[in-house]
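J.: Let me give you the structure first, and then I'll get to my questions.
The values are calculated or read from the model by the stated rules, or taken from the named source; none is laboratory data. Note that this is a predicted model, so its numbers are computed, not measured. Please note: Cβ atoms are built from the backbone with ideal geometry, for glycine as well, and neighbour counts cover all protein chains shown. These accessible areas exclude ligands, DNA and RNA; they are computed on the full protein's heavy atoms, side chains included. Shrake-Rupley method; radii C 1.70, N 1.55, O 1.52, S 1.80 Å.
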Number of protein chains: 2
Amino acid sequence: MDTGKNYSAAWLKYQLLEQDYREKYADLFSDIYLEINDQKIKKSIIEELELAIGNLFNKKVNFVSEPESAKLCIVDFKNNIIKNDNKIKKLNNDQKKDAFLLVNKDNRLILAAKNSNSKLYGLFKIFELLKLKKDLKNIHLFKQAANNIRMLNHWDNLDGSIERGYAGKSIFYKDNKLRKKLTRIKDYARLLASVGINSISINNVNVFEEETKLISEKFDLVKKIYHIFSAYGIKIFLSINYASPMEISNIKTADPLADQVINWWQNKVKKIYEEIPDFGGFLVKADSEGRPGPFTYGRNHAEGANMLAEALEPYGGILIWRCFVYNCQQDWRDYKTDRAKATYDNFKYLDGEFNDNVILQIKNGPMDFQVREPVTPLFGAMPKTNQLLELQITQEYTGQQKDLCYLIPQWKEILDFDTYAKGKESQVKKIISGDMFSQTNTGFAAVVNVGDDYNWTGHDLAQANLYGYGRLAWEPSLTAEIITKEWIGLTYTDDPEVLSTISEMLLSSWSIYENYTVPLGIGWMVNPDHHYGVNVDGYEYSRWGTYHRANHFGIGVDRSVKTGTGYTGQYFEENAEMYESMASCPDELLLFFHHVPYTYMLSSGKTLIQHIYDSHFAGVEGVERLQILWKGLADKIDAKVYNNVKNRLKLQLENSIEWRDRVNTYFYRISSIADEYNRKIYK
Amino acid sequence: MDTGKNYSAAWLKYQLLEQDYREKYADLFSDIYLEINDQKIKKSIIEELELAIGNLFNKKVNFVSEPESAKLCIVDFKNNIIKNDNKIKKLNNDQKKDAFLLVNKDNRLILAAKNSNSKLYGLFKIFELLKLKKDLKNIHLFKQAANNIRMLNHWDNLDGSIERGYAGKSIFYKDNKLRKKLTRIKDYARLLASVGINSISINNVNVFEEETKLISEKFDLVKKIYHIFSAYGIKIFLSINYASPMEISNIKTADPLADQVINWWQNKVKKIYEEIPDFGGFLVKADSEGRPGPFTYGRNHAEGANMLAEALEPYGGILIWRCFVYNCQQDWRDYKTDRAKATYDNFKYLDGEFNDNVILQIKNGPMDFQVREPVTPLFGAMPKTNQLLELQITQEYTGQQKDLCYLIPQWKEILDFDTYAKGKESQVKKIISGDMFSQTNTGFAAVVNVGDDYNWTGHDLAQANLYGYGRLAWEPSLTAEIITKEWIGLTYTDDPEVLSTISEMLLSSWSIYENYTVPLGIGWMVNPDHHYGVNVDGYEYSRWGTYHRANHFGIGVDRSVKTGTGYTGQYFEENAEMYESMASCPDELLLFFHHVPYTYMLSSGKTLIQHIYDSHFAGVEGVERLQILWKGLADKIDAKVYNNVKNRLKLQLENSIEWRDRVNTYFYRISSIADEYNRKIYK
C-alpha cells in the first residue's frame, strides 16, 4: 500500500487481506458499537477503524448505538456484556495499569478495556492479529501493561537538530518553530500508541536558550503538539531548564528553597495546567554535564526535585529527575574516582527523601549506553523511591543506525537481571514495574531514534528497536524472538523465508556489533564527540572518567572492593560477590570489573588476547554473513527498503573492518602477543 | 609612548632619546634632502621621518631642495655625493636585489639606496640605530638583501576568521568585507617594511567561495589594500582558486590547456593589471588537501602553473605554486606509501618544465611544520626551477602562541642545512637566494602569525618570530642571538637584565617546547584538527600519512632505502648516507628516519626510552624556569605585557605537564620499561 505520504507507514501498513481470511472475518467488522468517554480518543478510534478495516477488508465500517446490534463491541470492563469474565473479575479495579480483554463471544468480538487508552491499545491489537492472520473465532486474550509509565524522550532541539539523532532532522521543529505540516506528528503518535507508548517528552534534556522558552513565550507550540498526542492517549512532558526563573524572568537565583523561586514555579505550573489539564510533567537533567541544578545552591537532589514536584502535585503532574550525575572533569591520572560509582553515590543516600510524584530516571548502566555494561546498582537499592529505567533506542554508541544493532536482546538481559534487592528473583523488570515495592509511578523511558528520514530511523531495520521498545515496556516478559517475528510480519510480510532471515539478522546483530567493537564490557573505544567509529585511546586520557588502562601486560579497570575502586560493593551481596572476583565475574563484563592480563584464561577457554583477536575477526565475518542473508531477500523486499539496508550493510562492513584492524593492531602492538591462527594483523 | 591606538606599536615605538645621545645627533636630522621618484613611498618616508624624529628628538624635520644644504641626504646610488663609494662601485647595478649604504661623511649622514624601497629600508635602519643608541659618527654600513622575494602569506578568510590564526581575527576582513578602519593595516605595512618584507598574499591559500570573488566582484577590496601596502613597497599577491573560471563564470572546465580557460585567465589578469600596474601575482594551492587543480584534467603541475604564468608574464607578474601536494587519503595499514616522499615525487621530474616567472613554494620540511623535521629534499634538486622556502611563523604545531616557541633557531638550522646540491657548502639559504643557480625569482615566504589582538600575535613574545623572519629573509646569515637582542632592544628596552633574560627565554624556548612534546622528529602526537595539546595516537590511524608506529619494542618510521620507504634516497648522496644508517643519523631526527628499539643507545649515551622520559621531565622544568625568569622582570616590563606573558606561561605549564604525563604514560604502558630515576610516571 502506498500511503501517499513522503514517509513510510512502518508497522502500520494496511493491505487488503487474502480473500479466504477476509471472508471468514469480514462480518465481524460490519457493525460496531463504541462505548467511550474521551472524545478525542473516540475520534481517533473511529478514524483508525475506518482506515484499517477500509484497507484490510475493503469495506466501510458502520457504527451502531446499541451493543446488542453490533458485531464488534468496544466497551468498558464494567459493561454488562463482559463484566462476568473471570479475567476481569480477578482484576483489582483500583489498580492504575492499562488493560484490555479481547474475546469472541457467540461470533461477536468484544474488546473490553480499563480506560480510553486501553481501548486504543486493544484496537491496534485487533489490527495486528488480522494482519498476522490469527484466529479470532476462539480468541480470549487478556493484556495488562506491566508498567504505568511507557515513555519516550526526544532529544530534539527547536532549531531542528537532534542530539544523538541519526535519521535526519526533527519531525517536530525547524528554525525554532513547529514544522509547517503536522500530519507526520499525528502518524508518529499513531505508531507510538499502537505499541502502547503513553508518555513523551518533546525536547532535549539539554535545555538551551530557545527551548527554555517552551514554558513561556513558546508555549503555544507545546499546546499544538499536545493536541496531536492526547488524541492517542500520550501525555506530554517537557524537559525544563533548572535555571528557568533566572533565564526567563528577573529572579536572581534558582535556589529551590527560595520563596520567590518556589512561587515562580508554582505560578508557571498553574498556567500550564490551565491550558493543558492533563499535562504530564517535567523531565530534568540537573547538575549534569554542565547543566544547572540545586548543587549550585548547596541543595541536594531531593530538595531540588521536591520543589518542582510540589508545584506539579495539585494537578497530578509528575517530576522525572535524571540520575546521570557524575564528575565530568576527571583527571585521567586519578585512579580513585570512578564514574561508575557516581549514580549510586549521588542518590542512594536520599532514599525516602523524594516526594511520591518524583521519579528517578536511571540509565540502564552506570556509564552511558555502551554496547555492554553491567546494570546500574541503584536499581532496587532505593525501595522508598520511584524508579524509571532509561534505555537508549537511538544508537549513539551502537552503530548510529548505519550499523545494524538490534537492542531488544540487550534490553532483555537488563530487564531480567536479578538485583537480589529482596532476595532471589528481584529482577530489574519487577522493580521498575512497581511490583516489588508497591509503587505506581514507575516504568520505562528511552531516548528515541526517529527523525525526518523517509523510513523514520535512517536504517529501515532500526524501526524494530522502536517497535520492540514499546512492546517490552508493556510486557517485559515477551521474548526477543516473539517481538522480532511480530515486527517483521507487521512491517514486511509473513513469508517464512523473510521471517527467518530477518530474524536471524536482527537477533545476531548486537553480538556481531559487540564482537567487532569493544571487548568484554570495557567500553569507550570510540571517536570522541560524535561517537562513531573506532578510536582505542579516544577517551583514554580525557576528562570524562572513561578509561581502559591498557598497558603491555593487560587491560581493564579494577573496580573490586579489595584492590580497586570499590564499585562492586554497591551491588547487593550476591552480585557484589560475583563481580568481585575475576573467577566468578562473567566473561562479557570482565574488563569492566577487573584489570586482566592478556594471558588470563577466560571461562570460554581462550586467553584474553586471543579472545580479542578472535572476536574481532568474527565480527567482520558476522557482517559479511548479514550481507549474504540480506542478498537472499532481494526479490522479497520492496526495492527502497532493500537498497537502504544493502547500502547500510556496506557502510557497516567498512566500519567493522576498521574496528577489527585498529583494535587488533593496537593490542598486538602493545602486548606483542601474536594471533594463534596467524591471521592478518597489521604491525 | 602611548600610541593612542588600540594595538601595540610593537618594535616601532619611538620614545624621546636620552639627552646626551640626543644632543650628539640632533643636528644630523635638521635639514633633510630626499631624492625619490616613487611618490607614494616618498610620502611614507616623510611621514616616518616626522613621526620618528618628532618622537626621538622632540623636533620637527625640515626638507631642503639641494643636497648641499642638507645634513641627512637620502639619495640614489648614482647621486654624485656617494657614487664613488667603494661598496657602490663594486655593485652590479643590473642586479635586482635591494640595497642601501649608510655613511657619515663630514658630519652629514648619507643614505644612498638602490631604489625607492631600499630608501625606506635604510630609513628604518637609521631609526633602529638611533633607538639602540649606536654610533653614527663613524658609520659606514652597507646592506644588501640576500633574497629578492621576502614574502608573507596570510591565511585570512573574508569572514574575518584566520586558518591557523592564534591572535584574534583578521586585521583585514570582517563579515566578507574590508574592516572599517584601515589605519591598522597601514601600521602593519609599516611594521613589515621596517624589517624588509616586500611581498604579501592577502588571503588564505584555501580559497573558498567568497575569496574566489576577490578577482571579480570583490576586487575593489584588493585595490584598497594594495594602496596601503604599495606606499610601503610591498607587492600584493592573491591566492586564487584554480577552478575560478568554473566558479565565477560559465565555463565548464578549468583545464589549463583549454583555450577558453587560457583566454579567461588572460582576460582576468589584464583587468587586474589595468587597475594595479604593479600587482605581484598569484599564489596557488592546487591538487592539495581537496583543492582543485590540473590533476583533474590529466595535466601535470608544470602545465597547470605555466598557463597562469603566461597570463601574468606580460605584466611582470609572478606565479607562486605551492608544493604541498600529497595523498591525504592514505590507509594507515599501508607501509609503502610515505607522505614525506610526496613533494619530491610530485615535482622533481618536472625540473626545467616551469616558466621563468613560476616559483615553487616549498615547505621547509617534507611533512607539515612539525616542531622538528628534516629539510625537504627538493631544495637544490631542481636547478632549473625557482624555489621559495615556505616557513610557518604562525605556531600551528608549535604551541599556538599560548606556549612560547621562538622559531629563529629552527629557521637558522634550516637555512644552514647543507643540501650538497653542488657539493659541500650548498646550504638551503644559497639555493633560495638564487645565488647557487643564478636565479632572481627566489626567496622566502611564510605564513604569518598576526591577528587583531592588542599585541598582534596573542603572545607578546611571539612578535619576535615575525620580526626575526623579516630580518632573516633579508640577511639569512644573521645569528639568532643578534636578531633576538635587536628585537628586545627595539621593543622593550636595552636594560642588560631584560636583554639577557628575554634572550635566554627566547633562545631556549624551542628546545623546551620540543622536549615536552614530540620526541626525536617523529611528529604528529597532537590532537587532530586544531593541533594543540597532546594526543599520542591522535594521527596514528588516520588518513593523513602521519604515523609513529609505536609498539612494545620501539617506535619510528623506517624511511631508509634498504628496509624502509626509500625516502632517504631523495637526498643528495652525503645526506642520503647520513640518514640511511641509524648510527650516523642525528639523534634529533632518529625517529623520523628509523624504527628504533626503546633500548637503543642514542649518541647522547642514553637509551631511547630514557631519553623520552628525561626530555619530558626536562621540558616541564624548562617551562618552570621560563616562569622564574619572567617573574624577575616584573618591575622592568610594562604591566600589560608582563601579565600577558605571565598568563601564557601558566597555560604553557599546564600544557607541558599534560604532554609530559601523557607521553611518559603512553611509552611506559607500551614498553613496560621503568624510568631509571623512578620519577612519577602514571600507570
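J.: Scan the helices (runs of 4 or more DSSP H) fully inside the stretch A:197-310 and keep the ones with 1 or more residues being in contact (Cβ under 8 Å) with a residue 40 or more places away in the chain and not aliphatic (A, V, I, L, M).
T.: The helices (runs of 4 or more DSSP H) meeting that bar are A:209-212, A:219-230, A:259-275.
J.: Here's another thing I want to ask about it. What are the residues in the stretch B:216-250 that are farther than 30 Å from B:Ser194 by Cβ, open to solvent by less than 20 Å² (accessible area, probe 1.4 Å) and out of contact with any Phe, Trp or Tyr (no Cβ under 6 Å at 6 or more places or on another chain), if any?
T.: Matches in the stretch B:216-250: B:Asn241, B:Tyr242, B:Ala243, B:Ser244.
J.: Among the residues that make up the stretch A:16-33, is at least one of them under 25 Å from A:Thr183 (Cα atoms) and open to solvent by less than 30 Å² (accessible area, probe 1.4 Å)?
T.: No; the residues of the stretch A:16-33 include none that is under 25 Å from A:Thr183 (Cα atoms) and open to solvent by less than 30 Å² (accessible area, probe 1.4 Å).
J.: Checking A:Gly523 against (1) within 14 Å of chain B (Cβ to nearest Cβ); (2) under 25 Å from the mean Cα position of the chain (by Cα); (3) within 24 Å of A:Asn327 (Cα to Cα): exactly one of these is not met. Which one?
T.: Among (1) within 14 Å of chain B (Cβ to nearest Cβ); (2) under 25 Å from the mean Cα position of the chain (by Cα); (3) within 24 Å of A:Asn327 (Cα to Cα), the lone unmet condition for A:Gly523 is (1).
J.: Just the residues that are open to solvent by 40 Å² or more (accessible area, probe 1.4 Å) and either of a type in the set (Gly, Ala, Ser) or more than 17 Å from A:Arg549 (Cβ to Cβ) (or both), please, taken from the stretch A:337-372.
T.: A:Tyr344, A:Asp345, A:Lys348, A:Tyr349, A:Gly352, A:Glu353, A:Asn355, A:Asp356
J.: Can I ask one more? Starting from residues that are among the hydroxyl-bearing types (Ser, Thr, Tyr) and open to solvent by less than 50 Å² (accessible area, probe 1.4 Å), keep the ones in the stretch B:645-676 and report whichever is nearest to B:Thr398 (Cα to Cα).
T.: B:Ser656
J.: While we're looking at this one, here's another question. Hey, any hits in the stretch A:313-336 for a residue that's closer than 15 Å to A:Gly569 by Cα, away from chain B (no Cβ under 14 Å), crowded, with 20+ Cβ neighbours inside 10 Å and among the charged types (D, E, K, R)?
T.: no
J.: Any idea which of A:Glu390, A:Glu475, A:Glu396, A:Glu413 is without any contact (Cβ under 8 Å) to a residue 40 or more places away in the chain and in the same structural domain as A:Glu373 (by TED's automatic domain parsing)?
T.: A:Glu413
J.: Here is a further query. Look at B:Ile657 and say whether it is within 14 Å of chain A (Cβ to nearest Cβ) and within 15 Å of B:Ile522 (Cα to Cα).
T.: Taking the combined requirement at face value, the residue does not satisfy it.
J.: For residues that are of a type outside the set (Ser, Thr, Tyr) and over 15 Å from the mean Cα position of the chain (by Cα), scanning just the stretch A:429-450, find the one that is nearest to A:Ile482 (Cα to Cα).
T.: If we take residues in the stretch A:429-450 being of a type outside the set (Ser, Thr, Tyr) and over 15 Å from the mean Cα position of the chain (by Cα), then A:Lys430 is nearest to A:Ile482 (Cα to Cα).
J.: Now, a different point. Please work out if A:His531 is over 30 Å from A:Ile637 (Cα atoms) and more than 14 Å from chain B (Cβ to nearest Cβ).
T.: yes
J.: Determine if the stretch B:537-550 includes at least one residue that is open to solvent by 20 Å² or more (accessible area, probe 1.4 Å), in contact with a Phe, Trp or Tyr (Cβ under 9 Å, 6 or more places away or on another chain), of a type outside the set (Ser, Thr, Tyr) and more than 14 Å from chain A (Cβ to nearest Cβ).
T.: yes
J.: Also, quick follow-up: Is it the case, given these coordinates, that A:Lys60 is within 26 Å of A:Asn441 (Cβ to Cβ) and over 30 Å from the mean Cα position of the chain (by Cα)?
T.: no
J.: Which numbered condition in (1) under 18 Å from B:Ile228 (Cα atoms); (2) buried (at least 18 other Cβ atoms within 10 Å of the Cβ) is the only one that B:Thr183 fails?
T.: Of everything listed in (1) under 18 Å from B:Ile228 (Cα atoms); (2) buried (at least 18 other Cβ atoms within 10 Å of the Cβ), B:Thr183 misses just condition (2).
J.: Still on this model: Can you say whether A:Asp453 is surrounded by 22 or more Cβ atoms within 10 Å (Cβ to Cβ), among the acidic types (Asp, Glu) and under 25 Å from A:Trp510 (Cα atoms), as far as the supplied structure shows?
T.: In short, no.
J.: Can you find a residue that is in a loop (DSSP other than H, G, I, E, B) and of a type outside the set (Phe, Trp, Tyr) anywhere in the stretch A:112-122?
T.: Among the residues of the stretch A:112-122, at least one is in a loop (DSSP other than H, G, I, E, B) and of a type outside the set (Phe, Trp, Tyr), which makes the answer yes.
J.: Tell me which of these A:Ile609 doesn't satisfy, since it passes every other one: (1) within 14 Å of chain B (Cβ to nearest Cβ); (2) not acidic (Asp, Glu); (3) not in a helix (DSSP H, G or I).
T.: (3) is the only condition that A:Ile609 fails.
Results for (1) buried (at least 18 other Cβ atoms within 10 Å of the Cβ); (2) more than 21 Å from B:Arg471 (Cβ to Cβ); (3) not assigned by TED's automatic domain parsing to the domain that holds B:Ile234, shown as yes or no for each residue.
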| position | (1), (2), (3) |
| --- | --- |
| B:Leu102 | yes, no, yes |
| B:Leu109 | yes, yes, yes |
| B:Leu120 | yes, no, yes |
| B:Ile126 | yes, no, yes |
| B:Leu132 | no, no, yes |
| B:Asn138 | no, yes, yes |
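Residues are listed down the side, and each one gets a yes or a no for (1) more than 19 Å from the chain's Cα centre (by Cα); (2) modelled with pLDDT of 95 or more; (3) closer than 23 Å to B:Tyr14 by Cα; (4) outside the structural domain of B:Asn267 (by TED's automatic domain parsing):
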residue	(1), (2), (3), (4)
B:Ser170	no, yes, no, no
B:Lys177	yes, yes, no, no
B:Lys186	yes, yes, yes, no
B:Ala193	no, yes, yes, no
B:Ser201	no, yes, no, no
B:Thr212	yes, yes, no, no
B:Ala231	yes, yes, yes, no
B:Ile236	no, yes, no, no
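J.: If you don't mind, another one. Select from the stretch B:576-594 the residues that are crowded, with 22+ Cβ neighbours inside 10 Å and outside any helix (DSSP H, G or I) and list them in ascending order.
T.: Listed by number, the residues that qualify are B:Cys585, B:His594.
J.: Just to be sure before I move on: is B:Val663 modelled with pLDDT of 95 or more and either closer than 15 Å to B:His459 by Cα or out of contact with any Lys or Arg (no Cβ under 8 Å at 6 or more places or on another chain) (or both) in the structure I sent?
T.: yes
J.: Now for a separate question. Any chance you could count how many residues in the stretch A:48-100 are open to solvent by 50 Å² or more (accessible area, probe 1.4 Å) and part of a loop (DSSP other than H, G, I, E, B)?
T.: Summing the residues that are open to solvent by 50 Å² or more (accessible area, probe 1.4 Å) and part of a loop (DSSP other than H, G, I, E, B) in the stretch A:48-100 gives 15.
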